[in-house]
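Only one structure is covered here, and it is reproduced in the block below.
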Amino acid sequence: MIAYRMMDETCLLPACLHGGPTPLTSLRDATKTATDIEKQEGIEAGTLARFLQALCERYGSCAVLAIHDDVVVGKLRFAPAQVERMLSGICLQQGEQVRIIAALDLATLPARDALERQLLRLDCYQVADGYRGQGIAKHMLETVIEWARATGWEALSSTAVRHIPPLLNWTGQASLSALQQRGFAVVGGEINPDLREGVISQRLGHHGEKVKQQWRAFADISDDEAAVLHELVLDL
């Protein structure tokens, strides 16, 4: 059975799940252990975990984790929209974003009651290989919505792409249809150049033959249509 828990200071996941499920035991010393991106960028070990720790301390949590047999098999990360704007987005796996986070004085993160609006920005929906298609992403989203309502947030916002499995797996974006089914309203959208490049690359087989085969079911969708990044909001 899959269990869902909000990330807190005792369970920090600063890495992605592209390498597969992550044992919970490996998260105990996250503030002292270097992630691959920290090693790559020459950043002090535990920097990203301490950033997540600060988010949890100020805002109650910054992710929901899906757990099966003591391993993390899914995650949905979030942060106040104001904080994401401060950092021009939050990605713990891209060098540029990691360097921005590393240079951040955590003391400058605004207190919750000092935020311009009680708006959370959902980011990085991810389910490990072998666990997809089991409704984990849906349950993580529902868990976040319930938690946000219970803790007094006013709204959630997110970007999303069309429900095309290889695109969802690669981007870490939400499914447009999944968000709409849960009451999110589309408030904008435009073709994203990086997303379009990825769509073309996947269709050409640059991400592997399996991914290329998956795209055949979406042959009627143009590159431009598939590359639209939608903006959605859910008022709580």
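Brief remarks follow.
- Selection status of ASP123, over 23 Å from GLU44 (Cα atoms), at pLDDT below 95 and surrounded by 22 or more Cβ atoms within 10 Å (Cβ to Cβ): yes
- Residues located in segment 70-100, provided they are modelled with pLDDT of 90 or more, among the β-branched types (Val, Ile, Thr) and closer than 17 Å to LEU120 by Cα: VAL83
- Enumeration of residues in segment 198-234 that are without any contact (Cβ under 8 Å) to a residue 24 or more places away in the chain and either among the basic types (Lys, Arg) or assigned to a helix (DSSP H, G or I) (or both): ILE200, SER201, ARG203, GLU209, LYS210, LYS212, GLN213, ARG216, ALA217
- Among the residues of segment 163-174, those identified as surrounded by 19 or more Cβ atoms within 10 Å (Cβ to Cβ) and at pLDDT 90 or above are ILE164, PRO166, LEU167.
- Scanning segment 42-53 for residues that are over 21 Å from the mean Cα position of the chain (by Cα) and touching a residue at least 40 places away in the same chain (Cβ under 8 Å), we see that the one that is surrounded by the fewest Cβ atoms within 10 Å (Cβ to Cβ) is GLU44.
- Number of the exception - TRP153 against (1) surrounded by 20 or more Cβ atoms within 10 Å (Cβ to Cβ); (2) not in a loop (DSSP other than H, G, I, E, B): (2)
- Some residue of segment 130-142 being surrounded by fewer than 15 Cβ atoms within 10 Å (Cβ to Cβ), under 26 Å from LEU195 (Cβ atoms) and free of Cβ contacts under 8 Å to residues at least 40 places away in the same chain: yes
- Among the candidates ALA114, ALA102, residue that is touching a residue at least 60 places away in the same chain (Cβ under 8 Å), among the aliphatic types (A, V, I, L, M) and surrounded by fewer than 19 Cβ atoms within 10 Å (Cβ to Cβ): ALA102
The values are calculated or read from the model by the stated rules, or taken from the named source; none is laboratory data. Everything numeric in this text was worked out from a predicted model, so none of it was measured. Note: ideal-geometry Cβ built from the backbone for every residue, glycine included; neighbour counts use all protein chains shown.
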